[in-house]
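Peer 1: Okay, here's the structure, questions in a sec.
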Amino acid sequence: MSQPTTARTRFAPSPTGYLHVGAARTALFAWLVARQNNGSFVLRIEDTDQKRQVEGAEQHIIASLQALGLDYDEGPDKPSDYGPYRQSERLNQYKKWAESLLAAGRAYADPYTPRQINSFREQAQVERKPFLFRNHRPTNPPEWDGSMPLRFKSEPKPYKWHDEVMGSLSTGPEVIDDFIIIKSDGFPTYNFAHIIDDYEMAISHVIRGQEFIASVPNYLNLYEALKLSVPIMATMPPILGPDGKKKLSKRDGAKDLLDYLADGYLPEALVSFIATLGWNDGTTQELFTKRELIEKFSLKGIGKGGAVFDESRLRWVNGRFIRQIPLDELYQKAVGYLPEKASEQDDSYNKAVLGCLQERLKYFSEIVELSLFFYEDLPVDISLIANHKKLKKYETETLIKLLEKAHERLANLEPFNLETISSALNQLLADTEEKPVVLFSLIRIAITQAPASPGLAETISILGKTAVLRRINQQIEALKV
Ligand code: GLU
């Protein structure tokens, strides 16, 4: 069979849980190869392991792909001539191909019980030999009636093949073995079904995770028996936890992609971050729009080694994307993350608050904490001064005097806007002969009760004169106690 001329790639999840970052990366890379070649991206649901299925997982995975903008051209809900796209709906196809192998003498009914297979295994252990099914082929296999597993009869030989990421690979005949293609429940194994599906769906590139690479020689043997040409293969490097050693686990922060989105990570930032888990364009560029990825991505640019997942880097990437959003758009996206009391304020106030936070924001669910002081007077926290590296050295009396001066100057300020506030603050610096780190930190603490905040003049102008003067007084009172 000849290779399709345009790329046809597939993402083939098993519906056993949510979409995590590793699978999302596989999906993204397959999507990119399709999009940059004017090809098609296919979603295939590999639901042949009935025991491992999780209800709702298919919808959850689809929702995640949609949220990331990884649109597929064909899939369970997008039928085309290559369908159906759920393996459970393709059992007849697998049966047909299995029967052709059987007829060609390249498959046999496996008559053994698990206990017998175990004893073969133990025997091999005693003899210090690797266990291979092919050493135990039944001489007269029973007729296959579907009640027993059907096993592929392999032809051991060495293989050399090319993997777009891992380069040229080779194995000896000893790794080739007979494997089950149809289970006794009538469902095919992954090992069999994916080869049939990739062929029937005219898939040009098989892009998948590490866990299958050891089985590739057996797949090559099966391709030969089926007389099918082998698609281009690309094996993704593993994703490692932040220590760069162990495989990424949930404890390292790898969550459901939809949870990241709910926490206010932007889909475009997640896509950029995921793309650069193991891939780069040969430069030091770290942030990519989807359009740039379509232009620049190449399977050859994926490193063979493990890619380290670092959630703090994800936050940085997201922060960079947040900064690029025009304020109106940021408001649309983030208004729902403001504190409850934001509903009592008008749009322009809320928008100004978000504009003020935009530079520092890493993800939207931080907004409540960072913006609370814009919506309510927080109780005076005297430890903020007591722990401040400069302010803690000052006499209380001096601090009170400084606050009184600030109060006086701001109280008399007319009009009260960013420009007049900025010059008033500078004037205050000159009058008091204090450094900004002292005077401005003091005022900041008084009006926000937070150790850090956006620009002081901006914060004051958003809060307005009444709230600012009231909070300075509250701080003075607390210092007097
Ligand atoms: N169904 C397999 C899994 O979810 C994917 C295998 C493939 O991409 O070929 O692990």
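Peer 1: Once fully extended, how much extra length lies between Ala214 and Gln50, figured as 0.36 nm per residue of separation less the alpha-carbon to alpha-carbon distance? It would help to have the intermediate numbers written out before the result.
Peer 2: On the way: separation 164, 0.36 × 164 = 59.04 nm, distance 2.39 nm.
Here the segment from Ala214 to Gln50 would lengthen by 56.6 nm.
Peer 1: Among the helices of the chain (complete DSSP H runs), which have Cα atoms covering no less than 20 Å along the helix axis and a Kyte-Doolittle mean of at least 0.0? List each step's numbers first, then the result.
Peer 2: On the way: long enough: 21-36 (22 Å, 0.83); 396-411 (22 Å, -0.26); 418-432 (21 Å, 0.42); 465-480 (23 Å, -0.44).
Span-like helices, by this rule, are 21-36, 418-432.
Peer 1: Cα-based Rg (one decimal) and Dmax (whole number) for the stretch 1-96, in Å?
Peer 2: When restricted to Cα atoms, the stretch 1-96 yields Rg and Dmax of 13.5, 38 Å.
Peer 1: Starting from the Cα gyration tensor of the stretch 173-228, multiply each eigenvalue by 5, take the square root, and state the resulting semi-axes largest first in whole Å.
Peer 2: Equivalent ellipsoid semi-axes, largest first: 16, 16, 12 Å.
Peer 1: Quick one: if you stick a label point 7 Å off each Cα along the C-beta vector at Gln36 and Ser184, how many nm between them?
Peer 2: 4.8 nm
Peer 1: A further question on this structure: Determine by what factor the alpha-carbon radius of gyration of the stretch 247-321 differs from 2.2 N^0.38 Å, reporting the quotient.
Peer 2: Details: Rg = 12.4 Å, N = 75, 2.2 N^0.38 = 11.3 Å.
Its radius of gyration relative to the 2.2 N^0.38 Å reference: 1.10.
Peer 1: Note down the Stokes-Einstein diffusion coefficient of the stretch 280-354 in µm²/s, whole number, using a Kirkwood radius over alpha carbon pairs, 37 °C, and 0.692 mPa s.
Peer 2: Values: Rh = 15.5 Å.
Taking Rh from Cα pairs, D becomes 212 µm²/s.
Peer 1: Still on this model: Taking the stretch 349-455, which GluC sites (Glu not before Pro) meet the DSSP loop condition and have no more than 16 other C-beta atoms within 10 Å? Don't skip to the end; give the middle numbers.
Peer 2: Values: sites: Glu359, Glu366, Glu369, Glu376, Glu395, Glu397, Glu404, Glu408, Glu419, Glu433, Glu434; in loops: Glu359, Glu376, Glu395, Glu433, Glu434.
Hits after loop and neighbour filter: Glu359, Glu376, Glu395, Glu433.
Peer 1: With bins 10 Å wide starting at 0, give me the P(r) of the stretch 254-394 over every alpha carbon pair, in whole percents.
Peer 2: Reading upward from the zero bin: 10, 32, 27, 19, 9, 2, 0.
Peer 1: Under the rule of at least 5 residues apart or a separate chain, name every residue whose amide H is placed under 5 Å from the amide H of Arg8.
Peer 2: Ser40, Ser204, His205
Peer 1: Rounded to the nearest 0.05, what FRET efficiency is calculated for Glu458 and Thr16 with R0 set to 45 Å and r the Cβ-Cβ distance? Please list the in-between numbers first.
Peer 2: Details: r = 49 Å, r/R0 = 1.09.
Efficiency, rounded to the nearest 0.05: 0.40.
Peer 1: Quick check on the stretch 320-386: what does the Kirkwood estimate of hydrodynamic radius come out to from the alpha carbon pairs, in Å? Could you put the intermediate results ahead of the total?
Peer 2: Numbers: mean 1/r = 0.0793 Å⁻¹.
For the stretch 320-386, inverting the mean 1/r across all distinct Cα pairs yields 12.6 Å.
Peer 1: Quick one: dipole size for the chain, taken about the Cα centre, charges +1 on Lys/Arg Cβ and -1 on Asp/Glu Cβ, in debye to the nearest 20.
Peer 2: Working: 59 positive and 64 negative charges, 318 e Å.
Around 1520 debye, computed over the chain.
Peer 1: Given charges of +1 on the Cβ of Lys and Arg and -1 on the Cβ of Asp and Glu, with all other atoms neutral, how large is the dipole of the stretch 35-81 about its Cα centre, in debye to the nearest 20? Walk me through the intermediate numbers first.
Peer 2: Details: 5 positive and 10 negative charges, 33 e Å.
In debye, rounded to 20, the stretch 35-81 gives about 160.
Peer 1: Straight-line reach from Lys405: which lysines have Cα under 25 Å away, leaving out those fewer than 8 places along the same chain?
Peer 2: Answer for Lys405, where 25 Å is the Cα cut-off: Lys389, Lys390, Lys392, Lys393, Lys435, Lys465, Lys480, listed by chain and number.
Peer 1: Hey, another quick one. Taking a virtual spin label 7 Å from the Cα of His162 along the C-beta vector, which residues in the stretch 284-316 bring their backbone nitrogen under 15 Å of it?
Peer 2: 299-301
Peer 1: Still on this model: Taking only the alpha carbons of the chain, what extent do you get along each of the three principal axes, in Å, biggest first?
Peer 2: 102, 50, 41
Peer 1: For the stretch 98-156, what is the Kirkwood hydrodynamic radius in Å, using each pair of distinct C-alpha atoms? Show your work: numbers first, answer last.
Peer 2: Values: mean 1/r = 0.0807 Å⁻¹.
Radius from the Kirkwood sum: 12.4 Å.
Peer 1: Determine, at each q value in 0.17, 0.28, 0.31 (inverse angstroms), the log₁₀ of I(q)/I(0) that the Debye formula gives when each Cα of the stretch 10-56 is one equal point scatterer.
Peer 2: -0.54, -1.01, -1.11
Peer 1: Let me ask something else. Write down the Kirkwood hydrodynamic radius of the stretch 48-142, to one decimal in angstroms, obtained as one divided by the mean of 1/r over all alpha carbon pairs.
Peer 2: Values: mean 1/r = 0.0567 Å⁻¹.
When all Cα pairs of the stretch 48-142 are included, the Kirkwood radius is 17.7 Å.
Peer 1: Over 24 Å, how big is the tail of the calculated P(r) for the stretch 328-434, in percent of all Cα pairs? Walk me through the numbers before you get to the answer.
Peer 2: Details: 2572 of 5671 pairs.
Taking all Cα-Cα pairs of the stretch 328-434, the fraction more than 24 Å apart is 45 percent.
Peer 1: With θ set to phi - 60° and the Karplus curve 6.51 cos²θ - 1.76 cosθ + 1.60, what are the ³J(HN,Hα) couplings of the stretch 371-379 in order, to the nearest whole Hz, using x for Gly and Pro?
Peer 2: Once rounded to whole Hz, the list reads 10, 3, 5, 6, 10, 8, 6, 8, x.
Peer 1: Could you give the Stokes-Einstein D for the stretch 182-330 in µm² per second, using the C-alpha Kirkwood radius, 10 °C, 1.306 mPa s?
Peer 2: 88 µm²/s
Peer 1: Going 7 Å from the Cα of Asp381 in the Cα-to-Cβ direction, what parts of the stretch 424-455 have a backbone nitrogen less than 12 Å from that spot?
Peer 2: 445-446, 448-453
Peer 1: Identify, among Met166, Met148, Gln125, the residue whose Cα sits farthest towards the positive end of the charge dipole of the stretch 61-168, taking +1 on the Cβ of Lys and Arg and -1 on the Cβ of Asp and Glu, with the dipole about the Cα centre.
Peer 2: Most positive-ward Cα: Gln125.
Peer 1: Taking square-rooted eigenvalues a ≥ b ≥ c of the alpha carbon gyration tensor, is the stretch 88-233 rounded, prolate or oblate, where a/c under 1.5 means rounded and, failing that, a/b exceeding b/c means prolate?
Peer 2: Details: a/c = 1.96, a/b = 1.18, b/c = 1.67.
Oblate.
Peer 1: For Lys341 and Gln285, what does the FRET efficiency come to when R0 = 41 Å and r is the distance between their Cβ atoms, rounded to the nearest 0.05?
Peer 2: Details: r = 41 Å, r/R0 = 1.00.
Between Lys341 and Gln285 the formula returns 0.50.
Peer 1: For the stretch 379-468, what log10 I(q)/I(0) values come out of the Debye formula at q = 0.13, 0.18, 0.21 1/Å, with one point per alpha carbon and no solvent?
Peer 2: Log-scaled intensity ratios, in q order: -0.38, -0.76, -1.05.
Peer 1: Express in nm, to one decimal, how much length is gained between Ala63 and Ser423 on full extension, taking 0.36 nm for each residue of separation and deducting their alpha carbon distance.
Peer 2: Values: separation 360, 0.36 × 360 = 129.60 nm, distance 5.11 nm.
Difference between extended and current length: 124.5 nm.
Peer 1: Further, regarding this structure: Subtract the Cα-Cα distance of Val368 and Arg313 from 0.36 nm times their separation in residues, and report this length gain in nm to one decimal. List each step's numbers first, then the result.
Peer 2: Details: separation 55, 0.36 × 55 = 19.80 nm, distance 2.18 nm.
The Val368-Arg313 span can extend by a further 17.6 nm.
Here, each number is a calculation from the coordinates, and none is a lab measurement. From a predicted model like this one, the values you see are computed outputs, not experimental measurements. Cβ: placed from backbone, ideal geometry, glycine included. Neighbour counts: every protein chain shown.
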